[in-house]
1. Out of segment 395-429, which residues are within 15 Å of the ligand (Cβ to nearest atom), part of a loop (DSSP other than H, G, I, E, B) and within 18 Å of the chain's Cα centre (by Cα)?
2. So how many residues does segment 212-247 have that are assigned to a loop (DSSP other than H, G, I, E, B) and modelled with pLDDT of 95 or more?
3. Can you find, within segment 10-32, the residue that is nearest to the chain's Cα centre (by Cα) among those that are within 9 Å of the ligand (Cβ to nearest atom) and assigned to a loop (DSSP other than H, G, I, E, B)?
4. Report yes if some residue within segment 457-464 is within 16 Å of the ligand (Cβ to nearest atom) and at pLDDT 95 or above; otherwise report no.
5. Considering only segment 89-108, state which residues are open to solvent by less than 40 Å² (accessible area, probe 1.4 Å) and either among the hydroxyl-bearing types (S, T, Y) or within 11 Å of the ligand (Cβ to nearest atom) (or both).
6. Which members of segment 236-270 meet the condition of being of a type outside the set (S, T, Y), open to solvent by less than 40 Å² (accessible area, probe 1.4 Å) and over 28 Å from L75 (Cα atoms)?
7. Among the residues of segment 271-288, what is the count of those that are open to solvent by less than 30 Å² (accessible area, probe 1.4 Å) and either within 24 Å of T522 (Cβ to Cβ) or of a type in the set (S, T, Y) (or both)?
8. Mind counting the residues in segment 139-177 that are open to solvent by less than 60 Å² (accessible area, probe 1.4 Å) and within 16 Å of the ligand (Cβ to nearest atom)?
Amino acid sequence: MAQRPKARCDVVVIGAGYSGLYALHKLRDRMGLDVIGLEAAADVGGTWYWNRYPGARCDIESIHYSYSFDEQLQLDWSWSERYSAQPEILAYLNHVADRFDLRRNYRFGTRVTSMEWDDDAGRWRVDTDDGDEIAARFVVAGTGNVSIPKEPEFAGLESFAGPMYATHAWPHSEPDLTGQRVGIIGTGASGIQAIPKLAERAGHLTVFQRTPNFATPLRNRPSDPEEVAATKANYSAVRAAARNSFLGVPYARAEHSALEVTPEHRRQTYDRGWRTGGFAILVESYTDLLVDEQANDTVAEYTRERIRERVTDPAVAELLCPDDHAFGTKRLPMETGYYETFNRDNVTLVDVKPNPIEAVTPTGLRLTDGTEYELDVLVLATGFDAFTGALTRMGIVGRDGQKLNDVWAAGPVSYLGLMTNGFPNLFTITGPGAAVALYNNPLAIEDHVDLATTVLQHMLDNGHETIEPDAQAQAAWREELNQRAHATLFPRANSWYMGANIPGKPRVVMMYVGAAAEYRATCADVVDDDYRGFDFNRAAPSRTPPCSSRG
Ligand SMILES: Cc1cc2nc3c(=O)[nH]c(=O)nc-3n(C[C@H](O)[C@H](O)[C@H](O)COP(=O)(O)OP(=O)(O)OC[C@H]3O[C@@H](n4cnc5c(N)ncnc54)[C@H](O)[C@@H]3O)c2cc1C
């Protein structure tokens with residue numbers, strides 16, 4: 001393969017999802033920097049480019065699950081549904097790319113395979129799978145928290161003779177499942193969205209479930225023009241309210257403990273949350289659902305009752321009732337007709353917890369007790385190597401030859417989720433340790449990009465060459481993450497929030513557990529306190545030429 005000439009730039013931005021697109025726009029258009037974008041996919045969209053499975057849609061309302069950085073953009077764009085489906089979100093991100101002319105700086109179909117910090121030059125050397133080699137003073141990794149799938153753990157997977165589809169990389173032309181015997185493995189958020197749609201299309205659908213999840217109704221509907229007009233008339237206040245709410249959506253604030261009210265009060269409150277849909281039941285009901293087991297039991301049991309009402313066969317209903325984790329401590333999936341799907345004649349639920357999948361065979365699946373399932377099509381909805389998956393697959397080598405994978409061997413460490421000691425000038429947007437999993441992502445992403453660019457502008461203004469967090473600040477941040485999480489029920493669940501879905505992955509708190517507003521206040525305080533916890537110019541290289549532009 002012919003080598004492309006080495007390129008130089010101020011900043012390499014990796015990823016063209018919500019993070020990368022906004023970062024590229026901000027760095028290039030508002031700060032005047034020379035930016036190269038690298039994206040493994042053939043086009044923009046990130047999550048919404050890859051996850052095209054039937055039923056894929058956001059479960060944060062679209063008027064919130066969208067960018068706020070440009071007033072005219074949010075006034076011009078209208079969402080057709082309360083929770084938009086994947087094609088519409090992808091169309092939106094394409095619109096953003098066109099509107100701000102972002103594609104011209106991207107190299108698509110280009111995966112970063114290694115990145116090494118050169119201390120003498122004060123630059124990252126970024127290598128890609130098509131032979132590019134780019135020297136960049138800064139790298140902004142917008143590589144996503146759920147962008148790398150979990151490696152399937154089933155023997156014989158490659159032997160399956162029929163088509164096999166993964167929800168995270170669904171084919172661009174919809175497969176025809178008419179009359180087919182389809183099997184799906186996985187009942188997390190993606191599986192719960194896909195299963196009702198697959199059941200409508202397949203001849204027969206067999207759902208292989210290891211762990212049932214609590215799911216609440218989405219209550220999607222077409223957008224209400226009056227609501228949209230009211231939001232647009234007042235969008236900046238809506239965004240401010242969202243940013244100051246837990247989850248980054250302006251849900252009403254819960255006021256009472258679930259244990260200080262009567263069972264009737266709880267019933268009415270949970271009924272209201274159930275009717276409202278989305279995260280309302282978790283966020284609006286009571287203050288202690290995520291911190292007190294007894295309080296949580298009340299909403300968990302309420303949900304199990306709703307499942308039992310909706311599923312006709314009591315034995316199937318019991319299999320769908322979670323009993324191994326507290327409500328909301330795994331990523332809460334949202335459903336549309338999920339439970340009724342199991343009342344269909346063409347759907348079978350198979351519990352593979354007591355009788356695990358032993359192997360995929362050329363004609364289907366075999367369980368440990370020897371039971372065989374004949375399948376024409378296999379669908380994998382087995383989740384992601386969340387938070388760290390993308391970053392640990394990029395061959396990142398920092399100062400003094402330290403590998404990120406070694407530094408993170410016992411679990412990721414970072415300061416504010418933004419930077420890691422020993423890896424200068426590398427910003428990880430919504431990286432491990434950031435406020436993201438419990439925060440409406442486009443707003444979390446904008447906040448994090450804004451934090452990174454504030455830091456970067458400070459460096460440019462002051463002639464600093466390098467930045468990285470000091471080890472002490474990083475250790476204190478890890479302590480804060482642990483303390484916050486261990487004051488809640490989250491660490492008890494075997495969830496991807498804890499790295500517990502991947503065999504061998506260290507089981508640590510991967511995210512900031514707290515309200516977005518608290519996290520933002522902490523970040524603002526760090527900035528105001530002269531970038532407390534960051535080291536500038538540690539062993540600053542002497543030969544670094546100045547940045548091409550200081551916007
Ligand atoms: C099905 C689904 C539904 C979701 N719904 C919601 C929701 O309702 N609300 C919410 O807040 N969040 C939701 N999320 C989370 C979602 O990932 C974020 O909302 C958001 O899209 C993340 O944007 P991002 O740009 O940070 O990452 P991504 O969109 O994941 O983009 C990262 C990009 O980086 C690229 N990349 C990774 N590694 C490399 C490399 N080495 N070289 C080059 N390119 C690379 C990837 O190809 C990808 O395109 C959902 C996720 C999924 C999977």
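The values are calculated or read from the model by the stated rules, or taken from the named source; none is laboratory data. The structure presented is a predicted model; accordingly, all values stated were derived computationally and were not measured. FYI the Cβ positions are ideal-geometry reconstructions off the backbone, even for glycines, and counts take in every protein chain you see. Areas reflect the complete protein model, heavy atoms only, side chains present, ligands, DNA and RNA absent. Shrake-Rupley method; radii C 1.70, N 1.55, O 1.52, S 1.80 Å.
1. Those that are within 15 Å of the ligand (Cβ to nearest atom), part of a loop (DSSP other than H, G, I, E, B) and within 18 Å of the chain's Cα centre (by Cα): G417, L418, I429.
2. Restricting attention to segment 212-247, the residues satisfying the condition of being assigned to a loop (DSSP other than H, G, I, E, B) are 212-215, 218-221, 223-224, 234, 244-246.
When the remaining residues are screened for being modelled with pLDDT of 95 or more, the result is 212-215, 218-221, 223-224, 234.
Final tally of qualifying residues: 11.
3. Selected residue: G17.
4. Taking segment 457-464 and keeping what is within 16 Å of the ligand (Cβ to nearest atom), we get none.
Looking for residues that are within 16 Å of the ligand (Cβ to nearest atom) and at pLDDT 95 or above, one finds none in segment 457-464, hence no.
5. Once the filter is applied, which keeps residues that are open to solvent by less than 40 Å² (accessible area, probe 1.4 Å) and either among the hydroxyl-bearing types (S, T, Y) or within 11 Å of the ligand (Cβ to nearest atom) (or both), segment 89-108 yields I89, L90, Y92, L93, Y106.
6. Within segment 236-270, A254, A258, V261 meet the criteria.
7. Residues that pass the stated criteria total 6.
8. Residues flagged as open to solvent by less than 60 Å² (accessible area, probe 1.4 Å) and within 16 Å of the ligand (Cβ to nearest atom) within segment 139-177 amount to 19.
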